[in-house]
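Heads up: the structure comes next, in structure tokens.
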Amino acid sequence: WKVTDAMNRSNEVEGSGVVGEQPELKPREAFRYVSNCPLPTPSGTMVGRYQMVTEAGEAFDAHIPEFSLHLPGAARRAN
């Protein structure tokens with residue numbers, strides 16, 4: 001994952017699994033979780049990928065498009 005703060009400073013974050021878990025998903029199944037990331041400013045962006053493995057053992061990357069990050073209430077504090 002690449003985390004970029006509001007001052008355009010980037011930090012790369014890597015790890016095994018999703019918050020310490022490596023869920024096994026069947027077709028049409030989903031996995032929800034809550035996580036966090038280092039962000040020294042009230043807003044920023046994040047982009048990355050998950051490495052997945054098929055039942056046959058073939059690895060592929062699931063790319064996650066860039067999305068915005070905002071601390072709760074940050075917009076109200078800026079006004």
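Over the chain, what is the mean sequence separation of C-alpha contacts under 8 Å (at least six apart), divided by residue count, expressed as relative contact order in percent?
Working: 95 pairs, mean separation 22.8, N = 79.
Contact order relative to length: 29 percent.
Can you give me the accessible area per residue for the chain, using a 1.4 Å probe, in Å²?
Heavy-atom SASA per residue in the chain reads 85 Å².
Rounded to a whole number, what % of the accessible area of the chain do carbon and sulfur atoms account for, probe 1.4 Å? Before the final figure, lay out the partial values.
On the way: 3390 of 6700 Å².
Ligands and nucleic acids excluded, carbon and sulfur give 51 percent.
Cut-off 13 Å, label point 7 angstrom out along Cα-to-Cβ of Glu55: give me the residues of region 17-41 whose amide nitrogen falls inside.
Output list for this probe position: 25-29.
For the chain, with the dipole built from +1 on Lys and Arg beta-carbon atoms and -1 on Asp and Glu ones, taken about the Cα centre, which of Ala30, Ser68, Thr54 lies farthest toward the positive end?
Ser68
Report the local net charge at Asn11: Lys and Arg +1, Asp and Glu -1, summed over other residues whose C-beta lies under 15 Å from its C-beta.
On the way: positive: Lys2, Arg9; negative: Asp5, Glu12, Glu14, Glu66.
Here the charged neighbours net out to -2.
Per 0.36 nm of contour for each residue apart, how much would the distance between Val18 and Val34 grow if the chain were fully extended, relative to their Cα-Cα spacing?
Here the segment from Val18 to Val34 would lengthen by 4.8 nm.
The values are calculated or read from the model by the stated rules, or taken from the named source; none is laboratory data. Bear in mind that the values here come from a model prediction, so they are computed numbers and not experimental data. No Cβ is skipped: glycine too gets one built from the backbone with ideal geometry, and neighbour counts run over all protein chains shown. To get the accessible areas, we keep the full protein, side chains included, count just its heavy atoms, and leave off ligands, DNA and RNA. Shrake-Rupley method; radii C 1.70, N 1.55, O 1.52, S 1.80 Å.
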